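Below is one structure; the comments refer to it alone.
The values are calculated or read from the model by the stated rules, or taken from the named source; none is laboratory data. Because the structure is predicted, anything quoted here is derived from the model rather than measured. Ideal geometry is used to build each Cβ from the backbone, glycine not excepted, and the neighbour counts take in all protein chains shown. Side chains are part of the model used for accessible areas, which takes the heavy atoms of the whole protein and leaves out ligands, DNA and RNA. Shrake-Rupley method; radii C 1.70, N 1.55, O 1.52, S 1.80 Å.
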Amino acid sequence: TSVMPEVLGDGAAYFNPRDPGDIAKTITTLLNDAKSLEQLKINGVKQAAKYSWAKMAEETLAIYEKSKTREV
């Protein structure tokens, strides 16, 4: 859970995964606050746009290419 804020940023509602009460509270809050839920959706789409398979493939290839030149 420690990497979630780094990956999801403002595009997620956070809660203690070991605390059923906190999970329920977070869900209830979002269900009862349409404005916050809508903002969370907007933030989630923006955060997801930061990631793509193409970008991941390009970055992975660059790492392979860099490590390949070090071995020679």
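Among the residues that make up region 8-28, is at least one of them small (Gly, Ala, Ser) and on the phi > 0 side of the Ramachandran plot?
Yes: one or more hits.
For Tyr64, which of the numbered conditions (1) at pLDDT 95 or above; (2) open to solvent by 100 Å² or more (accessible area, probe 1.4 Å) fails to hold?
(1)
Within region 50-59, identify whether any single residue is more than 20 Å from the chain's Cα centre (by Cα) and among the hydrophobic types (A, V, I, L, M, F, W, C), and answer yes or no.
no
Of everything in region 1-59, what is surrounded by 10 or more Cβ atoms within 10 Å (Cβ to Cβ), among the small types (Gly, Ala, Ser) and part of a loop (DSSP other than H, G, I, E, B)? Give them in sequence order.
Gly9, Gly11, Ala12, Ala13, Ser52
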